[in-house]
Amino acid sequence: MILLVAAAEIRDKHTGFHASLVLTLLIGSAGAVCQNTMIALAFETKGQLLELYFLGTGVSGLAMNFFQMIAVLLFGTSTPTDSLKGTVFYFLMAIIISIATIIMFSKL
């Protein structure tokens with residue numbers, strides 16, 4: 001994702017825009033392959049982990065949207081500083097949820 005910002009700063013705006021599109025395509029493709037691989041691996045357990053995988057995916061999506069709403073309500077989006085504070089809050093919550101998930105599933 002950091003490469004997207006660097007690509008956008010390439011010489012002229014058109015080149016940066018096209019480089020960002022290519023990088024977004026590659027990142028999205030890698031994410032799709034990773035997600036489908038995880039679903040296939042979970043399916044191999046005869047449904048034991050498949051339910052947990054889809055439950056975790058749904059709950060994490062709802063939780064992150066909830067945290068995004070809280071970030072906007074707490075910090076607003078009127079200035080770049082407010083947006084930065086909200087972004088930091090959002091990613092801190094994502095890190096905390098990721099660590100909690102690792103701890104929770106390491107006990108299975």
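Could you check segment 72-84 and list, in sequence order, the residues that are in a helix (DSSP H, G or I) and at pLDDT below 85? P80, T81, D82, S83, L84 - these are the residues of segment 72-84 that are in a helix (DSSP H, G or I) and at pLDDT below 85. Just one residue in the set A40, A63 is in a helix (DSSP H, G or I) and touching a residue at least 24 places away in the same chain (Cβ under 8 Å); that residue is A63. Quick one: in segment 47-60, which of the residues that are among the small types (G, A, S) and assigned to a helix (DSSP H, G or I) is surrounded by the fewest Cβ atoms within 10 Å (Cβ to Cβ)? Of everything passing the filter in segment 47-60, G58 is surrounded by the fewest Cβ atoms within 10 Å (Cβ to Cβ). Screening I103 with (1) modelled with pLDDT under 85; (2) surrounded by fewer than 11 Cβ atoms within 10 Å (Cβ to Cβ) gives one miss only, at (1). Answer with yes or no whether D12 is surrounded by 12 or more Cβ atoms within 10 Å (Cβ to Cβ), charged (D, E, K, R) and modelled with pLDDT under 85. For D12, the condition - surrounded by 12 or more Cβ atoms within 10 Å (Cβ to Cβ), charged (D, E, K, R) and modelled with pLDDT under 85 - is not met.
Scan (1) in contact with a Gly (Cβ under 8 Å, 6 or more places away or on another chain); (2) within 24 Å of A100 (Cα to Cα) for the single condition S60 breaks and write down its number. Unmet condition: (1). What tally of residues in segment 73-96 results from selecting those that are farther than 24 Å from G56 by Cα, surrounded by 12 or more Cβ atoms within 10 Å (Cβ to Cβ) and out of contact with any Phe, Trp or Tyr (no Cβ under 9 Å at 6 or more places or on another chain)? Final tally of qualifying residues: 1.
The values are calculated or read from the model by the stated rules, or taken from the named source; none is laboratory data. Keep in mind it's a predicted model, so treat the numbers as computed, not measured. No Cβ is skipped: glycine too gets one built from the backbone with ideal geometry, and neighbour counts run over all protein chains shown.
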